[in-house]
Every structure is written in structure tokens, then in C-alpha cells.
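Where a number appears in this text, it was derived from the coordinates with a stated rule and is not lab data. Predicted model, so just to flag it, every value in this text is computed and none were measured. Cβ: placed from backbone, ideal geometry, glycine included. Neighbour counts: every protein chain shown.
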Amino acid sequence: MVEYPRAAPVGIFLLIAAITALSVFAIERGEAEREAATLNERARAVASALERRGNASAAYLRAGSAMFAAVDRVDENLFDRFVSELQLDFDYRGAEGIGWAQSLRPFELDQFRLGADEGVSRPVRIRPTPTSVTGRVVPVTFLRPLTERNHRMLGYDMYSEPVRRAAMEEAEKSGQPTASGKLVLPRGGVDAPGFVIYMPVFQDGQGVGRRLRGFVFSPFDAEDFLTAALELADAGERGVRLYDGEATPDRLLAQIEPVTGSGIIAQKQITIADRPMVVEVESAGSYSLSTLSMLTLLFGLLVASLLLVVARLVTQQAREDQLKLEWLEEQDSIRNSLTRELNHRVKNTLANVLSIVALTRRRSETLDEFADGLDGRIRAISATHDLLTQSEWGTTPVRAVVAAELAPHVSDSGQDFVIAGPEVELAPNDALTLGLAIHELATNASKFGALSEPEGRVSVTWELEGKDIVRMEWVETGGPRLTGRPQGRGFGLDLIEKIVAHELNEKVELDFPPEGVRCTLRIPVRRPSEFAIRAARRRTVMEG
């Protein structure tokens, strides 16, 4: 979390989101399996309802066959009495009605047309016109209820149509109710798919090989038949399709489309009056997740978001703690470095002071002379120390060191000194050494040189030699004329030529022309990394 403060929270969020997605997928898969099981159960229920409808209709046709086989002839009154005793609501049952179709031989056609047979009350026109090809004519004799459409069917030779003829021949062979294949039934000007169930009626009772008298039949509008069956087994918003024989588009009898298709289908094989059919139930599709999946998704996203926030806070706190530890370690390192640096500088300062005391004592003839000399030199070191303290022992400008050491010697007019040079920063030890040298030069000038006379002037100038050396010149004018180098070596000369040269690691040029003292100092310009305690990292840690 500390190394990757942004990636870790995002990774946790993605992990929880992935777990949520897997959970939603598992829930949806379970819902799909449950829907498939429910769909299969619904398909069985619809198939059972269709078969019950078909068996009920077949039972009525069996009853009619048994009744008509037991009488000498089937007239209109007998047929109407049979239908009324069934007390059927044909629309509710899904059938278009119940009919009787007499099986005629060619020599019986004229008598049938005149209505003299089977008690027909009016002449009947057989259509299409019978031919010798089929050898048999099975016209619709009676059909109840006598609706306009059923009335138009009277006299229609069903044996002339191949699908009906095949069903009637199969029924004659088996002696059982037999459904036809897919037919086209006229329905209000629009052709509608359907089928017909035929039950044979034999003379002198039922049985194969006996003379066929005709067929009791029921035509079915497939859509009405399917709708009537669904009243027994509600499919809900699911789609239901009924096929003749095989589930192919050309064999579709009827369908009730789902609200939205899903492509999930359950099929069941059924038998309607000895005719194989297929019922297909399609699940209602949904473009939204289930309630449980939605709750799981919302809860997962909420948890992932909360963990993202918590992880972000934890990583931020861990980062802050690490920065604090690094800062404390840095501070501890700085303290140790400061302590070592302080010890080093204190030792250097004490060594300089001891050298100054020893040399001052050797070059002083009286106690007052010793005290005055020591006091001035200690004050020079103190003045430079003040500058270094203000800069936190960093770099100190050359101008500030020179001005601090010359400040006690400036007259009221302020015209005794000329100080000029570029802005250059010195290291702490170099600044202390320069301050001590300027102090000695100024002290000697005030006692014996230019500063001892009202017209005397001192010029302190410096310039850069390359990038690493400052060349400084001390020039006295207007003071007592000099006759050469002073006899004997005073402490000032020793300090400047030995101690200062040794500390700066550069040769000091000290001349005594008649006009006044000239001193040339070369001071190294050091990079801060060579002497300063580096604090940039510490500031970076504090700001971070």
C-alpha cells in the first residue's frame, strides 16, 4: 500500500467488483436453470391440456359413432338430438363443431343430391364435382352449429382433398379417431391453419372390414384449440407453439408469441387422435437482472466503493506514517551531524583561541597590552560568529564579513573605507579566517597605518579569479610613509602570514611600500556540499 498508494485501492475495488460480477452471474445462472425447470414443467402441463382437449373431442366422436352405427340411417333430427344431448360449447372446447359425412358410392350420388337419403331436408350440391378417380365421395352432410361458415361447408367432398382423404383412410383402417395433417380452414376471409378429427361409422356396428357408412368428425381451428387448452394450463407470459408432426416453420399450426422472446425453449411430443404433434413453450425474455441480482450488484458496488475509500485512507495514513518515520530518521541524522559539526567547529574555534592567546602572550610586554590584544581578536571572532549564526552556519557574503570587522573603525564621516566587489558567498571556516585577517589589518592600520591619520584611507576590493578563488586586496593610503618592512615580527604579521595562509590554504602577499600597507588574500569559494549539512531532503519530507 505504501509503494503503490493508488494501485492498491483500485485493485481492491476491482477484486470486489469481480466477486460481485461472479455472484451476479451465479445468481442469473441459477435463475436460468430454475426458469428452464419451470419452462419444462409448463410444457408438460400445456401438452397434457392439449391431449385432454383432444381426447375429450375424440370421446364425443366415439359416442356419435356408436350411436349412428346402431341405427338404420342417420337423419337430420337424429343428428341434432345427438348434438344437443352433448351440451357442448364448441368455442370453449376449441372445436368448430361436430359433423356427419356420409360415405357414398357412385350410384348413390343422385339420391344424395335430391336429399332423399339420410333425411336431408333440401337438395345438396356436391363439390367439387365427383370423378371416377377417387371411387368414393364423402360430402359434408350435417355440421353443427350451423354457422355461416359451417353452412358453406355442406356438400363439400372431403375425400377429394389429399390430407383429409389420408386421415379418413387411416381412421377406416384403425377404427379409431384419427386427426388429419395441417389444413387450411377459411376464417372470415383469412385462411387459418387447423386439422380435422375423423371417427369412422360402420354398418351393423364398429369393426374393421365392415362396410363404411361415413364419418363423425370435428374440424378444429388450431389457434382456438390451443387457446382453449391454455385455459386448463396457463402459460403466463410465455410463448406457446403447436406443430403438426415436426417443429418446423412449414408445419406450424398455431402460436401465441411471448411478450419478449428469449430463445429458451422446451418441447414436448403429444398425440392428438392418433396424430403426433409437437408443443413448444418459449420462456419470456427479460433484458433486466433479477431482483436478487440487482440487490447483490448494488450491495457489491457499495462494499467495493467503501473499501476503496477505506483502502485509500489507510494507504494515505501509511504513507504519512512512512514520511514521518523518514523525517524523524532524517532529523536524527541531522542532529548527529550537527553534534559532530558543532564539536568540530568548537574544537577549531578553541584551537584558534588558544593559538591567539599563546601568540598574544608571547608578543605582549604588559598585562594591559595582552588583555587589549586578546579582547580585540576575540571580538573579531565573535562578530564573524554572529554573521554565521544569522545564516545558520551556511554561506556568508564577503561584503558582510568585511563590513562587520571594519565597523569599529569607521569615522563619523564614513569616508575612511572603500569597499567594493561582486557578491560572493564564503564557507563558515573561510569567513572566520577572513574576519580575523581583516581585524588584524584594521587594527594595525588604526595603530600604525592609514587609519592613524585623518587623511588616511583604506580600500578593500575583491574579484573572482576563475570560479573557485576570490582575490582580495587591502590597500592603505594617506597614512605615515613607510620605510620598509617593520623590524621584528608582530603577532599580526604572524597571524596573517601563517595562521590565515594555513587556514585558507593559499599564500598571503603582504607588502610595505611607502604609500602604505598592501595585502593580497586569496580565499577559496567552496560549494555548499563541501561544508554544509544538506537540508533539502529534510524540507522535501516535511512538505510531502
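Summary table below
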| read-out | value |
| --- | --- |
| Computed lengthening from D234 to A420, 0.36 nm per intervening residue step minus Cα-Cα distance | 55.9 nm |
| Two-site label geometry, F107 and E515: point separation in nm, points 7 Å out along Cα→Cβ | 17.2 nm |
| Simple label model, 7 Å out from Cα along Cβ direction - R149 to A70, nm | 3.3 nm |
| Karplus 3J(HN,Hα) series, Hz, for the stretch 238-251 with 6.51 cos²θ - 1.76 cosθ + 1.60 (x for Gly, Pro) | 6, x, 9, 10, 10, 10, 8, x, 10, 7, 10, x, 6, 9 |
| Taking the stretch 7-284 and dividing mean pair separation by its residue count, relative contact order in percent (alpha carbons under 8 Å, at least six apart) | 22 percent |
| Farthest toward positive dipole pole in the stretch 27-71 [+1 Lys/Arg, -1 Asp/Glu at C-beta], among A43, L61, G30 | L61 |
| T131/R211 FRET efficiency (R0 22 Å; Cβ-Cβ; nearest 0.05) | 0.50 |
| Efficiency of FRET from Cβ geometry, R527 and R485, R₀ 25 Å, rounded to 0.05 | 0.10 |
| Computed E for V310/S333 - FRET, C-beta separation, R0 35 angstrom, nearest 0.05 | 0.55 |
